[in-house]
Every structure is written in structure tokens, then in C-alpha cells.
Amino acid sequence: MNKLKILFGIIALLLFGYTLGIIQSIILLDNYQLIVDARKSEIIFGEFDYFIDKLLIISICAGLIICLKCIYEILKKGFFTTISKKHMKYAGYIFLIVGTISAILDGIRFFVGNLRGVLLNNILIGLLVGLLGFIVLIIADMARTGYQLKSENDLTI
């Protein structure tokens, strides 16, 4: 359980950092000039490029919030509960979808654009987030199996 508490703290810090980043980009509006310049430049998705990236970041925040709820539920009631397996499944799907979309969009930017060095890292990070989502889905399936075994065991006693 100590490792879960450490993971809970790390996810809380990540969520805090992402939240500060989103608030900073909204309050400062320093990226408004980037949006205006994107209409004139050769950015692949134009002005929507900024909004797509922000939407993906907000989606990762949603996945982190669900992960935080899941770990809290595990710490409070144990690993094999219906709520924890449901939260793990939702977080896994969010990370899988966001990672896949991010990798595809960055792949398009990589092959069409001229920012090859930077975007190759972004593609790999997107694939890593997608892989994380797939791993969380596998763990959610294990939790579902464990919940079924626990339920059967509780009935036999």
C-alpha cells in the first residue's frame, strides 16, 4: 500500500502541474499571437493546431483525475471493487485514445512539416501514452477477474 500512496502523490503532482499549465495558458493568453500567426504560416492544421494540443492536454488531465479517483478507491476499499475496475477501464481508454490520436497527428506533422527532430519525440511520447493506456486496460481486466474470484470466494464462505 505504500507504493500506491507514492503513486497517488505522483499523480496528484502531475495533475497539479497540468492544471497550472492550463490555467497559465488561459490567463496569460500569450499564445493568441501563435494562433493568429498559424493562419498565415505553414502549420499543418493551421489555427486548430493550438486547440488540438490543448484538447489533448485537457484529456490527459481527465485521465489523471480518473486515475486519482481509482487509486483513492483502492486505498480506501481495496483493489477488487467495481468502482476501481470501472475507473481503471475509463482511464485506460482515455490514455489509449489520446496517445493514439497524438501519435497520429504528430506523425502527420512529422511527414508533412519541417520540425522533424522535435516531432519525433512527440510521436514517441504519444505512443508511450497509448501504451500506458493499454497497460491500464490490462490491469483493469485483471481487476475484473480478481473481483469475480473474490465474489465467488465470498459466496462460498
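The values are calculated or read from the model by the stated rules, or taken from the named source; none is laboratory data. What you see is a predicted model, and the numbers here were worked out from it, not measured in a lab. Counting neighbours? That spans all protein chains shown, and the Cβs are built from the backbone with ideal geometry, glycine included. Accessible surface is based on the protein model in full, side chains and every heavy atom, while ligands, DNA and RNA are left aside. Shrake-Rupley method; radii C 1.70, N 1.55, O 1.52, S 1.80 Å.
Observations
- Residue in the range 120-128 that is surrounded by 16 or more Cβ atoms within 10 Å (Cβ to Cβ), within 16 Å of Leu64 (Cβ to Cβ) and out of contact with any Asp or Glu (no Cβ under 8 Å at 6 or more places or on another chain) present: no
- Odd one out for Phe111 among (1) under 20 Å from Ile52 (Cα atoms); (2) among the aromatic types (Phe, Trp, Tyr); (3) touching a residue at least 40 places away in the same chain (Cβ under 8 Å): (3)
- Within the range 138-157, the residues that satisfy the criterion of being open to solvent by 80 Å² or more (accessible area, probe 1.4 Å) and within 14 Å of Cys70 (Cβ to Cβ) are Met142, Arg144.
- Taking first residues from the range 1-23 that are at pLDDT 90 or above and partners that are polar (S, T, N, Q), no Cβ contact under 8 Å between residues at least 6 apart in sequence or on separate chains turns up.
- Only one of the listed residues (Lys85, Lys69) is open to solvent by 40 Å² or more (accessible area, probe 1.4 Å), touching a His at 6+ places or on another chain (Cβ under 6 Å) and either assigned to a helix (DSSP H, G or I) or over 24 Å from Ile26 (Cβ atoms) (or both). That residue is Lys69.
- Here Leu124 meets each of (1) under 30 Å from Asn153 (Cα atoms); (2) modelled with pLDDT of 85 or more with one exception, condition (1).
- Qualifying residue in the range 96-104 (condition: at pLDDT 85 or above, over 20 Å from Leu64 (Cα atoms), part of a helix (DSSP H, G or I) and not hydroxyl-bearing (Ser, Thr, Tyr)): yes
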